[in-house]
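First the structure, in the form of structure tokens, and then the observations on it.
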């Protein structure tokens, strides 16, 4: 009996099991809507659960502080002074009573839809930061049957932010879960992508956005901000020194980003409505210390005639309208702080040697203007919704050297570091993700540290860039060599790859193979003709 109880308890604490149950309930429920509507309903409930839990934790902390100061917790003036502010000192929102999860969870099933919408309306009225995180009227409009909405709320109640949210971007995880299970809009070219936490950690470790402004022109659910803030906390412990700016095209995804940032207490500036960054740049004229992004790969249909003379590409060339890769590059470059800004972003590998339209012209100018600092090709199978290998680009507005965070950097003008990590998968690395419907890998902490150390060491004064190389992994390349290779950024043009075939003794191999075939024919003399036919069918002459 004890084993059964423990098994049920463990199951209740498995977030995938909880999400599957919720999905199953909504799939069978009347009026639950489309996939996207189900996803947004789930995320709204999780948001209410988490913000309610943060409020309860904030109240406990405040009461403890009051007690430590030997103040009377029952004194009306004390209560007013400590609890009537719009938010607590740690960024926890002081929720209206009807918006608190402790009250929602005790609401009778027939009254839940109305209670949930009342909670959302009160939240939107209580804080400008919370307005726009959700669609008011969601639950009464759907009007799920009392038993259905009650079951979902009870399942969500099992997901404690303290249990599941401290070690991951939980809103992003739920978002990724639904992408994985349903693969909605998830094509290899133009789909919704949630950037895996290990990839974000790699980008953040490379560019180290410890303080200042961070910008993401296609921020999705905000996962780039959340995961990078974890790197900042682990290195410096203070996320109050960063201020995030972002833009997202899809309204529903924009709401998720706002939920995510509110839950994490990150100071942020996002667009009020979903809109394409190319069509309407909400942050035009602003320059940022850091840019981190994972734009849609090979995005088509981005261009409009009104963009022809846009200032973002006047110093380069009009990007090809066939896909947006170079439009993203120039957009981000236009937002980097002069002589300071650094960008780390992902693009499909085709951009490295793309000769479509003006792509090559732009790439050549990027190299000649010395904006590209590093090109790092990543392993395949890192993403849920695509199996392609992608490239991490690092742009730097200042490669002249100097001191940075206690590190003495050399002048890297006219140099680019190339890395190729595609061999960093397989059993020898022990980084395969288990229990997946398809093969998937993730970068391990040691791999992220190793790649980061290769990049950071290359930047430092003590390094001779002329000899900075390791076959099949990395190499520092000069502008002269880039010119000789027609300004290609394909790493295999520069990194040495060992020709293992040159060391093979082919005579010995063929002799062994011949002996093996002879032995095979002797052991299966009854089927000699069939074996000969099989070898002849493979293109070998077998007499």
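The values are calculated or read from the model by the stated rules, or taken from the named source; none is laboratory data. Quick caveat: nothing in here was measured; it's all calculated off a predicted structure. Note that each Cβ is placed from the backbone with ideal geometry, even for glycine, and that neighbours are counted across all protein chains shown.
Below are the figures for this structure:
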{"quantity": "Number of the exception - residue 401 against (1) free of Cβ contacts under 8 Å to residues at least 24 places away in the same chain; (2) surrounded by fewer than 17 Cβ atoms within 10 Å (Cβ to Cβ)", "calculated": "(1)"}
{"quantity": "In region 316-348, the residues that are under 18 Å from residue 286 (Cβ atoms) and part of a loop (DSSP other than H, G, I, E, B)", "calculated": "335, 337, 338, 339, 340, 341"}
{"quantity": "The listed residue being modelled with pLDDT of 85 or more, under 25 Å from residue 220 (Cα atoms) and within 32 Å of the chain's Cα centre (by Cα), out of 119, 124", "calculated": "124"}
{"quantity": "Residue ID - surrounded by the most Cβ atoms within 10 Å (Cβ to Cβ), chosen from residues in region 228-243 that are in a helix (DSSP H, G or I), modelled with pLDDT under 80 and over 16 Å from the mean Cα position of the chain (by Cα)", "calculated": "239"}
{"quantity": "Those residues of region 304-314 which are surrounded by 20 or more Cβ atoms within 10 Å (Cβ to Cβ) and either at pLDDT below 95 or part of a loop (DSSP other than H, G, I, E, B) (or both), in sequence order", "calculated": "none"}
{"quantity": "Unique match (being in the same structural domain as residue 211 (by TED's automatic domain parsing), within 23 Å of residue 415 (Cβ to Cβ) and touching a residue at least 24 places away in the same chain (Cβ under 8 Å)) among 279, 363", "calculated": "363"}
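Matching residues to (1) in contact with a strand residue (DSSP E or B) (Cβ under 9 Å, 6 or more places away or on another chain); (2) surrounded by fewer than 17 Cβ atoms within 10 Å (Cβ to Cβ); (3) at pLDDT 95 or above:
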| site | (1), (2), (3) |
| --- | --- |
| 298 | yes, no, no |
| 316 | no, no, yes |
| 329 | yes, no, yes |
| 333 | yes, no, yes |
| 338 | no, yes, yes |
| 343 | yes, no, yes |
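Conditions (1) in the same structural domain as residue 344 (by TED's automatic domain parsing); (2) crowded, with 16+ Cβ neighbours inside 10 Å; (3) within 22 Å of the chain's Cα centre (by Cα), marked per residue:
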residue: 417; (1), (2), (3): yes, yes, no
residue: 448; (1), (2), (3): yes, yes, yes
residue: 464; (1), (2), (3): yes, no, no
residue: 467; (1), (2), (3): yes, no, no
residue: 472; (1), (2), (3): yes, no, no
